Amino acid sequence: MTTLYIANKNYSSWSLRPWLLMKELSIPFDEDIRPLLEGSCWDSYREFSPNGRVPCLHDGGTVVWESLAIVEYLAERHQGVWPQDRAARTWARCAASEMHAGFSALRNECPMCCGVRVEMKSISPALQHDLDRIDELWSEGLERFGGPFLAGDAFCAVDAFFAPVAFRIQTYRLRLGDTAAAYAQRLLNLGFMREWYEAGLQESWRELSHDQEITEAGTLIADLRAPAR
C-alpha cells in the first residue's frame, strides 16, 4: 500500500509536486492530508515523516521524504517520471533541482495560496530576477524540446516541480512573456491541477501566519475559499 502524506492543498506547494506527478502518471496511492498548524508541526508530522515535513511517501515498509527524493524513488519504479531522451532528461533534472533549491524571493514574497487573488504592492528586484529566470528557463525548455511540456510532448517531473509556480502566477497576477504565460495556463488547465485547486477552495482550515504573509505581499482583492471554521 502506498500513501502520500500531504498538507493543505490551498497552501502546500511542496505537497503538490509528487501528488500531481503520481496522478498524471496514473501511479496509484492513497492521500493522507495533515493540515498545517499554527507554529511548528514537528511533533505531529514526526509521527509519519523523519524530517517533520510534508510531503512524505510510505510505500510498504519504505519511507521516503523530501519531494525530490520521492520523485527519484518513483523514477526507479515507474516509466515516464523523467524523459527517455538523454538530453531532455538531463535538462529536466537540472531545472527541477534548480526549482527545488532556488527561487527564494518568489517563495518568500508570494506564498502559495490557491484560493485568493492579490494585487502586488510592488515587485522587488529579487522577485523580478526570479521571474525573469523562470521565463528564460521555461522558454528554453519549450523551444528546445518542442513542447507542449517543458521537456517534450509528455508531462514529467520537471513540470510537476513548476506546477506551484503556475498557482502563484494566478494568485498574484505575476507577468511573464507570452510563451511562459501560455505554459503556466496550460498547467492550470490540467485536469488534476483543477482537481487540486477545487479541493483547495473547499478547505476551511486557516493558517493565520501564512495568510498574514499573503496580505503583506499586496492587497487582497478576492478570497474564493470556503469560510474558515
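Bear in mind these aren't lab numbers, they're just calculated from the coordinates by the rules spelled out. Just so it is clear, the structure is predicted and the values come from calculations on it, not from any experiment. Here Cβ is always computed from backbone atoms with ideal geometry, including for glycine, and neighbour counts include all displayed protein chains.
Some points to look at:
- Length gained when the stretch Arg77-Glu143 is fully extended (0.36 nm per residue, less Cα-Cα span): 20.8 nm
- With a simple spin-label model that places each label point 7 Å from the Cα along the Cα-to-Cβ direction, the separation between Thr179 and Arg86 comes to 2.5 nm.
- At full extension, Trp42 and Ser104 could sit 20.1 nm farther apart than now, given 0.36 nm per residue minus the alpha carbon distance.
- Extension gain, Met1 to Ala226, is 77.8 nm, computed as 0.36 nm per intervening residue step minus the present C-alpha separation.
- Taking a ≥ b ≥ c as the square roots of the eigenvalues of the Cα gyration tensor, the chain is classed as oblate, since a/c reaches at least 1.5 and a/b does not exceed b/c.
- Peptides ranked, highest mean first, by Cβ atoms within 10 Å: ranges 222-229, 14-21, 1-8: 14-21, 1-8, 222-229
- Amide H contacts under 5 Å for Phe149, placed H, 5+ residues apart: Ala154
- Ordered by the count of other Cβ atoms within 10 Å of each Cβ, fewest first, Ser139, Ser49, Ser124 give Ser124, Ser139, Ser49.
- Dipole of segment 162-223, positive end: most advanced residue of Ser204, Ala181, Phe167 [Cβ charges, Cα centre]: Ala181
- Applied to segment 214-229, the Karplus parametrisation 6.51 cos²θ - 1.76 cosθ + 1.60 on θ = phi - 60° returns per-residue 3J(HN,Hα) values of 5, 6, 6, 6, x, 8, 6, 10, 7, 10, 8, 6, 4, x, 5, 10 Hz, with x for Gly and Pro.
- Dipole magnitude for the chain: about 140 debye, using +1 per Lys or Arg Cβ and -1 per Asp or Glu Cβ, origin at the Cα centre.
- A cut-off of 5 Å between modelled amide H atoms, ignoring neighbours fewer than 5 places along the same chain, links Val116 with Leu224.
- 3J(HN,Hα) from dihedral phi, segment 86-92, Karplus parametrisation 6.51/-1.76/1.60, rounded to Hz, x for glycine, proline: 5, 5, 5, 5, 5, 4, 4
- Centre separation in Å (Cα based) which lies between segment 1-35 and segment 108-163: 20
- For the chain, DSSP calls about 80 percent of its internal beta bridges antiparallel.
- Long-range HN-HN contacts of Gly218 with modeled amide H, under 5 Å: Lys121
- Shown in residue order for segment 186-201 are the 3J(HN,Hα) couplings computed by the Karplus curve 6.51 cos²θ - 1.76 cosθ + 1.60 at θ = phi - 60°: 4, 5, 4, 7, 4, x, 6, 5, 5, 4, 4, 4, 5, 5, x, 5 Hz (x for Gly and Pro).
- Relative protection proxy for 74-84, 109-119, from highest mean packing down: 109-119, 74-84 (other beta-carbon atoms within 10 angstrom).
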